[in-house]
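Here's the structure, in structure tokens; my notes come after.
The values are calculated or read from the model by the stated rules, or taken from the named source; none is laboratory data. Keep in mind the model is a prediction, meaning the values are calculated, not measured. Here Cβ is always computed from backbone atoms with ideal geometry, including for glycine, and neighbour counts include all displayed protein chains. Ligands, DNA and RNA are excluded from the accessible area calculation, which covers all protein heavy atoms including side chains. Shrake-Rupley method; radii C 1.70, N 1.55, O 1.52, S 1.80 Å.
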Amino acid sequence: MNPAVGIAAFAAVSLATAVIGFYGLRISRTTGDFYVASRTVRPWWNASAIGGEYLSAASFLGVAGLILLSGTDALWFPVGYTAGYLMLLLFVAAPLRRSGAYTIPDFTEARLDSRVVRRVTSVVVVMVGWLYIVPQLHGAALAIRATTGLPAWVGQVAVVAVVCVTVVAGGMRSITFVQAFQYWLKLTALAVPILFILFVLADSGTPAVAAASTNPTGAAPAGLYQNISLLVALLFGTLGLPHVLVRFYTNPDGQSARRTTLIVLGLLSVFYLFPTAYGLVGRMFAPHLAQSGQADALVLLLPGELVGGTAGDLLSALVVAGAFAAFLSTTSGLVVSLAGVISQDLFGGSVKGFRRAAVISAVVPLGIASMTGSLALAGSVGLVFAFTASTICPVLLLGIWWRGLTDTGAIAGMVTGAALCGGAMVAGAVLGAGGTPTWLAQPAAWTVPAAFAVMVLASRATRDRVPRTITRLMTRLHTPERPLATER
């Protein structure tokens, strides 16, 4: 690929992001605009924005790369990513919106009447956010190196700089417009090149086709435990992602939150058709990319491999633009959610504090990413989902649906989940991919039940600490609102 084309694509996406972000600045005036867009975001806008921030480097690059490497075993990733939103629709979206909270720590403090729970939740949310931002920056490093030949750090620094500018400028209001635009850009950036590739292959007589079942690396297929554990991580992890949950606070009411989630299910289902197609086409026509260790770059390199020439460069430029949109949109969503938490806990919750917290939220993971190497993108994000499923998810589900949850139980469960899953992640990093036992490489199957069990047992042992306001709070969470006049 011509490096100038890649640089131009990246520059165009960055400029468009900044322009749309500054448009949002024109209508961001209040603290509510910065934190939750004054709770006025309608379902289609919000669903597009959620699609923009949720479809990260793992979805845009990693899913296709894993299908190239693992075949049908990797299909659990798009299935799990999408099905997690069905659980959000059924169990979390509307009650969380009715809570009236700005952030997840706001919710846990109100539900359990405890400042200590709030502090513990804040620490966990920040850990999850930083763990999730790091793979986005690794993806940016991979993309800039593979398509332009520039040093890897250029992609990481550029993503952080653009995100800081847009988030600091307009907060949630700006990011909503940016992420909605970036979802449709990402969808177009995957759909147009793969359709063009399929047309070219059909016209050329499909030369040098390998069987779709051929394993290009000879790696053993995933076992039953690995698939179950991965699915647990993806389904339950989606329920606790801070940048996704904060989006439901921006809906006008619980009914809008449910409608938003339904639309998101449709948008994700359409999107994941295309990374799957890239993986299958790459498995048949470009297995050498897996053998050379370039699986995560499959989406970026396939147009040049199978089309070539000026058309291949133009298609590659479109894919590069979509890839950087993925890094920017997910990172900006995470930075907004983390800035809300850090600002309220450390800087008094003001707009100035939000802006200061946004910079901190972006710069810290940049330092971590610069000191660590990139794992397989979808695999590393899968571990973040496992950590989230073991910490935030139990306190949300039990807090919404079980009256008996206490502050002691919530803290004990979150600490247990964080210690077990975090310990497994550290052990896996120390042992390396080849020497890590399966139960450590995919820990969600045992860490998630352990976190739930500890949370329930500790709560039952401290029944006297159930908040006295529990009846009023549960009624608020589960009583549908009257339709707003603006929606008639």
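General observations
- Criterion (buried (at least 19 other Cβ atoms within 10 Å of the Cβ), free of Cβ contacts under 8 Å to residues at least 24 places away in the same chain and either within 19 Å of the chain's Cα centre (by Cα) or at negative phi (or both)) met by exactly one of Ala410, Ala362, Ala427, Ala357: Ala357
- Top-ranked residue in region 338-354 [being open to solvent by 10 Å² or more (accessible area, probe 1.4 Å) and over 17 Å from Val165 (Cβ atoms); ranked as modelled with the highest pLDDT]: Ile342
- Segments classed as helices (runs of 4 or more DSSP H), wholly inside region 278-396, with at least 1 members that are of a type outside the set (Gly, Ala, Ser), in contact with a Gly (Cβ under 8 Å, 6 or more places away or on another chain) and over 30 Å from Ala419 (Cα atoms): 288-291, 298-306, 309-346, 351-371
- Picking from residues in region 239-260 that are of a type in the set (S, T, N, Q) and part of a helix (DSSP H, G or I), the one that is modelled with the highest pLDDT is Thr260.
- Single residue of Phe181, Phe199, Phe236 found to be crowded, with 24+ Cβ neighbours inside 10 Å, aromatic (Phe, Trp, Tyr) and at pLDDT 85 or above: Phe236
- Within region 298-326, if we keep just the residues that are small (Gly, Ala, Ser) and buried (at least 21 other Cβ atoms within 10 Å of the Cβ), the residue that is nearest to Ile20 (Cα to Cα) turns out to be Ala325.
- Filtered residue count, region 70-120, keeping only those that are among the aliphatic types (A, V, I, L, M), in contact (Cβ under 8 Å) with a residue 40 or more places away in the chain and open to solvent by 50 Å² or more (accessible area, probe 1.4 Å): 5
- Pairs linking a residue in region 304-331 that is within 14 Å of Tyr183 (Cβ to Cβ) to a residue that is charged (D, E, K, R), with Cβ atoms under 7 Å and 6 or more positions apart or on different chains, are Gly322/Lys186; Ala325/Lys186; Ala326/Lys186; Ser329/Glu53; Thr330/Glu53.
- Any chance Trp44 is surrounded by fewer than 20 Cβ atoms within 10 Å (Cβ to Cβ) and at pLDDT 80 or above: yes
- Those residues of region 88-132 which are within 18 Å of Val466 (Cα to Cα), touching an Asp or Glu at 6+ places or on another chain (Cβ under 6 Å) and assigned to a helix (DSSP H, G or I), in sequence order: Leu112, Val117, Arg118
- Restricting attention to region 276-293, the residues being under 17 Å from Phe199 (Cα atoms) and either touching a Phe, Trp or Tyr at 6+ places or on another chain (Cβ under 8 Å) or not hydroxyl-bearing (Ser, Thr, Tyr) (or both) number 8.
- Condition met for Ala64 (among the small types (Gly, Ala, Ser), open to solvent by 30 Å² or more (accessible area, probe 1.4 Å) and either part of a helix (DSSP H, G or I) or more than 27 Å from Leu230 (Cα to Cα) (or both)): no
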